[in-house]
1. Magnitude of the Cβ-charge dipole of chain A, K/R +1 and D/E -1, about the Cα centre, nearest 20 debye?
2. Among the trypsin sites (Lys or Arg not before Pro) within the stretch A:30-106, which fall in a DSSP loop and have no more than 13 other Cβ atoms within 10 Å of their own Cβ?
3. Could you pull out the longest piece of chain B with no exposed loop trypsin sites (Lys or Arg not before Pro) in it, calling a site exposed if DSSP puts it outside H, G, I, E, B and it has at most 10 other Cβ atoms within 10 Å?
4. Which of the three applies to the stretch B:359-484, rounded, prolate or oblate, going by the alpha-carbon gyration tensor with a ≥ b ≥ c and a/c under 1.5 meaning rounded?
5. Please enumerate, by chain and number, the aspartates and glutamates with C-alpha under 17 Å from the C-alpha of A:Lys282, excluding those fewer than 8 residues away in the same chain.
6. Looking only at trypsin sites (Lys or Arg not before Pro) in DSSP loops with at most 13 other Cβ atoms within 10 Å, what is the longest site-free stretch of chain C?
7. Let me have the 222 nm mean residue ellipticity of chain A computed from DSSP H runs of 4+ only, each contributing -39500 (n - 2.57), with the sum over all residues rounded to the nearest 500.
8. Using a 10 angstrom cutoff on alpha carbons, build the Gaussian network for chain C and name the most mobile of C:Asp30, C:Asp22, C:Asp71.
Amino acid sequence: MHDKTLSELASALDAGEFSSRELAETLLTRIDRFDGNLNSFISVTPDQALAAADRADAARARGEAGPLTGMPLAIKDLFCTEGVKTSAGSRMLDNFISPYDATVVEKLKAAGTVSLGKTNMDEFAMGSSNENSFYGPVKNPWDTEAVPGGSSGGSAAAVAAGLVPAAMGTDTGGSIRQPAAFCGITGLKPTYGRVSRYGMIAFASSLDQAGPMARTAEDCALLLGAIAGHDLRDSTSVARGVPDYIEELAAPLNGLKIGLPREYFGDGMDPEVEAAVREAVKVYESLGATVREVSLPHTHYAIPAYYVIAPAEASSNLSRFDGVRFGHRCDNPEDLIDLYKRSRAEGFGEEVKRRILIGTHTLSEGFFDAYYKKAQQVRRLIRQDFLDAFEEVDVLMSPASPTPAFDLGARKDPVSMYLQDIYTIAVNLAGIPGISVPAGFSGGRPMGGRPIGLQILGTHFAEARLLNVAHQFQQATDWHRRRPAIAEETL
Amino acid sequence: MEWETVIGLEVHVQLATRSKIFSGASTAFGAAPNSQACAVDLGLPGVLPVLNEAAVAMAVQFGLAIHAEIPEISVFDRKNYFYPDLPKGYQTSQMHHPIVGAGEVEIGLDDGSTKRIRVHHAHLEEDAGKSLHEDFHGMTGVDLNRAGTPLLEIVSEPDMRSAKEAAAYLKAIHSIVTYLGISDGNMAEGSMRCDVNVSMRPIGQAEFGTRAEIKNVNSFRFVERAIAFEMERQVELLEDGGTVVQETRLFDPDRDETRSMRTKEQANDYRYFPCPDLLPVVLDQAYVDHLRAALPELPADKRARFQGELGLSAYDAGVLSASREMAEYFEAVKEVCGDAKQAANWVQGELSGALNRKGLAIVDSPVSARQLGELIQRVMDETISGKAAKEVFQALWNGQGESADAIIEAKGLKQVTDSGAIEAMIDQVISDSPAQVAQYRDAEPDKRGKMIGYFVGQVMKASRGTANPQQVNQLLKEKLDALC
Amino acid sequence: MALEHTDVLRAAHLARLGLNDDEARHYLEDLGRILSMVDDLQALDTRGVAPLAHPLDATQRLRADEVTETDRREQFQRCAPAVENGLYLVPRVVE
């Protein structure tokens, strides 16, 4: 039961092999049994889950089941969920029971899904290893010495470990694609504006985007269809029709033009990672695609530009956590300034403080033009690089990360941690969509190593094409069917 | 040394939208604390702003009213600072690309002349909540109902040279926004608030002196008093060889003085940057033209028309166009009675006097414009005398009748113009006053004119004021002269 | 652009983050390295390039002026650290 994809679960539920309630109960038991060590959940919500499962079963009995009715999911703890703790992985919000639902949560509820709980994450989505959580690090189900990636590490680990068939993540600089790659699952970051950000606790507003994480591109297509669309409550969400992502999965890849960014293949890329990606490209060639090298000349400037823009926006977005209306408040504040300073010092972790300080500094008087304005100019050049490349090719391919998952505690220096997001960060600056699909393993041992992810990028609103390209790869390969040992264990 | 005062004003006008600038919460005044602060206003984690169309339309209408340039694109920025009444830790405002560009406002001066005050720009922003300092066990209470109410901040150039000009400018802004109906202009409830920048310079010097900013001066009177105090303070400082410090000061109306707000945060760094949750606002020409077409006649135009077309004095035109309600009332009276000057005299005289005595606004007048207009008609067609008219007005004011005609009828105030009836009364008076008649007869002919007053008075008294005074005069003169 | 100890303290004060001297020293080192990475941007000639604030060239949509929210003070204040009579309480603010 726990090993099925969403589309397989739908058939089984329709056929009456088991009920939504039985499915939810089984997965809740697995979470109870196996998540202690993985730590992929911050909150598990069995009562709400079973109530939702019962509603789903009733709907199915009435013949009103949709494709997602009764589907168990987990939701990154960055999405506000009414009546449930929504912590953003932070001590600051450890006591915050959200009084409202994020639009994504509302849409998933309306589609009949069953949320089992809220997943662990880097605090306020700031991190690439899930080591920055107030609730402790998440472990990689393939190798508990390894990080699961971040910031949506809990969602990725929970899916990989067979605790849920799919989960919601968010991606500001790679936070869906990199943990999907590290955990051997499929993760899609949609175009900026495709999915509403309302109720998703903001890290960097002009970069944040929600997306699905699942075992297959097909499941991601199902979920994207449910969460995409215009939201009147989000000014940056786009009023544009949502295509039928499932229908387009089957399109053949004859004549698909693939570009490999010259600047991505070089120093710093792990040879095993490069080999896996080149092998994947060969698979595409066998499916009728052509490959050429393209250039993204401003690649080198993406991380510097990102580390101006994201912290600047974050420093302002996180000012609302002041100990006045919600969230952590220090004991016995002497005066107002003490209330602010101690509540925030106690509530935020080290990485969050680092970014608030950087963002505050770069926005301050005398620095704005040299940092923020400059970074926004560079941002335009980076977007133009992609738009130019998509004049020549349909999709770009690269690794999702230069290396497979690294060991817990291995990256102590923040800058070296930042630099490993080199292939994912520019995508958020440009606002284009990207998907990561399993494409091999390190260590030359198909079942013993750590997963490697292939990143596929498309132009704005090309999600249907990306899902199609990823799906066709998954028809020709079985990397996405590999499971870590923990997922093979029976109850 | 002779000093010149240089004044610039920043006027914050609360726009009269139903809902807030970025949320669907009500802007109604006086609700229970925090009952009108929704998730967006509270800055709950994850919430996002969506801009209110009416706030945009109102800002543009103001811009058009002051003949300002309306840029095609405007952008919202975040002004970052911490304060308990500022829920998100930043105020969404417009720093670099405001919705209204440069324009100008005409003010009327006491000598009847006008002066143009340039407006640098006007921008949209969200209001903050309120901190209540009364005792909560030594704590401050925060009410966020006002947070997110749309404000239009109107920033003038330093074009004013006296406290009177500053007050006249503030009144002009008040009258524009109330004419447009984009604000209730209620200064007591904080719908209009004002920061005043004051500096002094020796007459003839081109450069400005160092200015002080006086925060939150919230009445026309206080603006004048705060500036007067500040002028004196700065001149004293400068003449003693001191310098004015650039600082923020607070006006204390109880002590009639301004004092420095010695906060530790003198050098605040607001770290303005474009708000990433909002997109650039683009106003196309058709939208602006549509708003332009719907603009009402504005105070300056009305004043000019009252003077030019209706022939009112500059003073009358100014007073009657000062507020939209006053102008509307006056024009309605004029419409009914058909005479602008009569209408002006009555509205400014009898009516304004009565309103002032009761402290009522024109909209609360117990006498409607129609009632007053009809009353004036009856004076003009000589149905009643001026004296009787005052009595009718008083009766209308007291609600003693539905219309002037009804009261005239009920009180029998109609003028007697039947010469037979008047002659009979005159004959009676003459026969009752032999001594006065004898005096009249004996007087020099050029003195008789004065003496006739006694007889007129007696006849009017006998008619209880209803006899037409001209007729009485005419007939008396004929009859008395016949006796000589 | 070299970062100094006072810059860190100033940013911490603006951001209302309580930092002791040791922590400030620690962050000074990190921030220095991050800024020196960021300083690579200065090498790029961006004259004439318009800043890009949002990845899509979209414009602001306007909301109709309607009251859509009801009083939810009860729920909203359940997660508040200190309230009385419907007001959020903070240490006394001196004007």
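Laboratory data are not the source of any read-out in this text; all were calculated from the coordinates shown. Note that the structure is predicted; figures quoted are calculated from it, not measured. Don't worry about glycine lacking a Cβ; one is built from the backbone with ideal geometry, like all the others, and counts go over all protein chains shown.
1. Details: 48 positive and 62 negative charges, 100 e Å.
For this selection, approximately 480 debye.
2. Working: sites: A:Arg30, A:Arg33, A:Arg55, A:Arg60, A:Arg62, A:Lys76, A:Lys85, A:Arg91; in loops: A:Arg62.
The qualifying sites are A:Arg62.
3. Values: sites that count: B:Arg255, B:Arg262, B:Lys264.
Maximal segment without exposed cleavage sites: B:1-254.
4. Working: a/c = 3.27, a/b = 2.68, b/c = 1.22.
Judged from the Cα gyration tensor, the stretch B:359-484 comes out prolate (a/c at least 1.5, a/b above b/c).
5. A:Glu272, A:Glu274, A:Glu293, A:Asp394, A:Asp478
6. Numbers: sites that count: C:Arg47, C:Arg78.
Longest gap between qualifying sites, sites excluded: C:1-46.
7. Values: 16 runs with 185 residues, N = 491.
Estimated from H runs of four or more residues: -11500 deg cm²/dmol.
8. C:Asp71
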